[in-house]
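The values are calculated or read from the model by the stated rules, or taken from the named source; none is laboratory data. As the structure is a prediction and not an experimental result, all values here were calculated from the model. Here the Cβ positions follow ideal geometry from the backbone for every residue, glycine too, while neighbour counts run over all protein chains shown.
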Amino acid sequence: MPCETVITPESILKDCDRMTGDDCFTFRCGADLDCFTRCCRDVAIVLTPYDLLRLKRALRMDSSELLEKYTLRLEGPGQKFPIVLLRMQDDDSRQCPFLCERGCQVYPDRPWACRMYPLGAAEPKAPGGEDQPFHFVVREELCHGHGEGIPISVRDWMAGQQIEEFEMMSAGFKELTLHDFWNGKTNLTPQQSDMFYMACYDVDRFRRFVFETRFLQLFDIDEARVEALRCDDEELIEFGMQWLRFAIFGERSMKIRRGSVARKDG
Ligand code: SF4
Ligand code: SF4
């Protein structure tokens with residue numbers, strides 16, 4: 001059955017039908033439905049680095065300004081690394097800042113979570129340790145799109161929402177956030193947390209950090225890559241994750257220049 005109760009990791013595993021790409025559900029979303037844009041209010045949308053990149057480009061904003069104006073940084077007890085949420089408006093409407101009368105102002109660049117709805121994704125581990133990913137349908141009272149239209153497979157829904165591109169561009173971030181390091185007891189220091197936030201979410205500030213500090217004197221980086229980092233945001237985000245693996249996880253993912261002394265914080 002679709003998930004109709006409050007969604008928690010436990011209820012997803014216990015109550016939801018586990019769907020594969022071939023399984024179908026009947027759903028349609030559109031401006032003619034009486035629930036149009038109701039789902040864009042008072043909702044917790046976690047943003048990935050690629051979501052932020054798409055929004056930054058769509059809005060032609062500096063990443064620091066985008067984060068400041070439209071997002072919330074969430075960290076604290078129980079949260080191993082900082083996450084970024086889309087900040088709903090502070091007034092009674094609690095609506096998404098990108099919502100207007102006609103709908104979503106950033107529709108072609110809307111985040112992964114907005115594209116997926118009403119589908120959810122889970123990746124529990126089997127007792128043997130292997131991943132057992134599945135999808136499920138979330139059914140909320142506010143959404144009247146269920147039962148509308150014709151049945152569509154999970155695979156076709158995801159293709160229509162360009163989910164593959166978003167998931168491909170987020171693969172490195174997913175790997176970083178699922179790293180064994182987080183199973184340890186150590187919390188990030190405030191400085192490490194800032195490094196994580198900057199490299200993953202604040203791409204323009206990270207670029208200034210790479211090019212306007214001693215960073216390039218400390219690390220041995222191929223010339224062609226340095227040039228790519230100047231203008232290619234995707235490349236810079238991938239590089240940022242490589243740096244975090246070095247600086248936080250202690251992996252040998254970066255080469256220190258001969259003769260330079262690098263601290264772990266770069
Ligand atoms: S980004 Fe667009 S689709 Fe997502 S909640 Fe905001 S208005 Fe709705
Ligand atoms: S509530 Fe459901 S059907 Fe209505 S606009 Fe949102 S996603 Fe579409």
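Some values worked out for this structure:
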| quantity | calculated |
| --- | --- |
| Count of segment 80-105 residues which are among the acidic types (Asp, Glu) and not in a loop (DSSP other than H, G, I, E, B) | 0 |
| Matching option when the condition is assigned to a helix (DSSP H, G or I), away from ligand 2 (no atom under 14 Å from the Cβ) and either small (Gly, Ala, Ser) or loosely packed, with under 12 Cβ neighbours inside 10 Å (or both), among 127, 108 | 108 |
| Boolean, residue 143 is touching a Lys or Arg at 6+ places or on another chain (Cβ under 8 Å) and either in a loop (DSSP other than H, G, I, E, B) or more than 16 Å from ligand 2 (Cβ to nearest atom) (or both) | yes |
| Subset of segment 85-105 [among the hydrophobic types (A, V, I, L, M, F, W, C) and either within 16 Å of ligand 2 (Cβ to nearest atom) or touching a Gly at 6+ places or on another chain (Cβ under 9 Å) (or both)] | 86, 88, 96, 98, 99, 100, 104 |
| Unique residue being part of a helix (DSSP H, G or I), under 30 Å from residue 131 (Cα atoms) and modelled with pLDDT of 95 or more when the list is 181, 173 | 173 |
| Residues (exposed (fewer than 14 other Cβ atoms within 10 Å of the Cβ), over 16 Å from residue 192 (Cα atoms) and either touching a strand residue (DSSP E or B) at 6+ places or on another chain (Cβ under 8 Å) or among the polar types (S, T, N, Q) (or both)) located in segment 69-88 | 72 |
| Given (1) touching a strand residue (DSSP E or B) at 6+ places or on another chain (Cβ under 9 Å); (2) within 16 Å of ligand 1 (Cβ to nearest atom), index of the condition residue 109 fails | (1) |
